[in-house]
Amino acid sequence: MSHETTDGTTLIALNPYGKSNPSALSINTKIEPVSVEVCPPTPSPTEAEFNYLHNVKGRRNVMRWIRYIVPALLVFTVLILISVFKDQIVDGLKPFTDWMQQHNIAGAAIIIAAMVIVSFPPLLGHEILTVLCGVTYNIGEALLVDTLGTLGGEVACFFAFKYACTSRGKKLEANNIEYGALAHVVRQGGLLIVLVMRYSAIPGHLSTPMFSTVGVPSHIFLAAAVLSVPKSFVPVYVGWSARPENDNSQTAKILSKVVLATSLCITLATLYWIYRKMEQAKEAYIYSRRKARQAKAAKGPVTVALNESVNPLP
């Protein structure tokens, strides 16, 4: 475009847009794809979790609690039967106890090996073997044999389940809310709750696999196992008091009854204390399960491509 001025000079105006002069400017902006974190909301409690939070009991809940209580009752039943029929038991075991006394080291090794074997569920008989120690040996020797057999069996059971059944234990926690809550309380309780549970009449071959699969550190379990050795002295003393030379000992009879009553009180107090701990931790435990499902639902960042065209400028 040109324009002539009054003095004869010609001015030329250049078109910056080329040959055409659009009425508006169009800008196309392309934004590279970006990753956006998409976090799903926290899931609501499942029906089972809701029932557990609000103490809605069903038949399956009752059956699970029965499975926890029955083993402890069996232990007390065995000890009471031994106290009642101690004379018949001593007479029946006399040939075996005589052989063990004649072969002191071999007999002790047999009992220790048997204790290690029956420490693995679903085998039973540890309490009977500890009673046999008391019937066979003097109280000091019987306690030594019982300590070696008990610790050896518990340690072997702990590490076997720790390295072979941890994944199975995690599945059980996910599928069984009551067991998962108990595992949560055990993990949070540390040495104290492990020690208290071991001092109860709950058989060690039932509690030890749980300790190993829910993540109790090895050093905490070993400390609790050593500190709870005196618990196994109860059936040893029951067997020792049943020996013929102690049959007329009034002190042995009184101590035997006191030991049984004390063990029963400790067991009942332990079960109630654990129940209260589970009640106090149930909301936090259920919330942790919901957050775990939320994390599982969030499968990572989502890539979103943004291609936008800016509106023409006026």
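Odds and ends about this structure:
- Meets criteria (without any contact (Cβ under 8 Å) to a residue 40 or more places away in the chain and under 15 Å from Trp273 (Cβ atoms)) for Leu227: no
- Every residue from the range 38-66 that is surrounded by 13 or more Cβ atoms within 10 Å (Cβ to Cβ), modelled with pLDDT of 75 or more and under 23 Å from the mean Cα position of the chain (by Cα): Pro45, Thr46, Ala48, Glu49, Asn51, Tyr52, Leu53
- Number of residues in the range 180-208 that are without any contact (Cβ under 8 Å) to a residue 60 or more places away in the chain, more than 19 Å from Thr77 (Cβ to Cβ) and part of a helix (DSSP H, G or I) equals 8.
- Number of the exception - Phe120 against (1) assigned to a loop (DSSP other than H, G, I, E, B); (2) loosely packed, with under 14 Cβ neighbours inside 10 Å; (3) in contact with a helix residue (DSSP H, G or I) (Cβ under 8 Å, 6 or more places away or on another chain): (2)
- Considering residues of the range 163-177 that are in a helix (DSSP H, G or I) and more than 11 Å from the chain's Cα centre (by Cα) only, the residue surrounded by the most Cβ atoms within 10 Å (Cβ to Cβ): Ile177
The values are calculated or read from the model by the stated rules, or taken from the named source; none is laboratory data. Note that this is a predicted model, so its numbers are computed, not measured. Note that we place each Cβ from the backbone using ideal geometry, even for glycine, and neighbour counts take in every protein chain shown.
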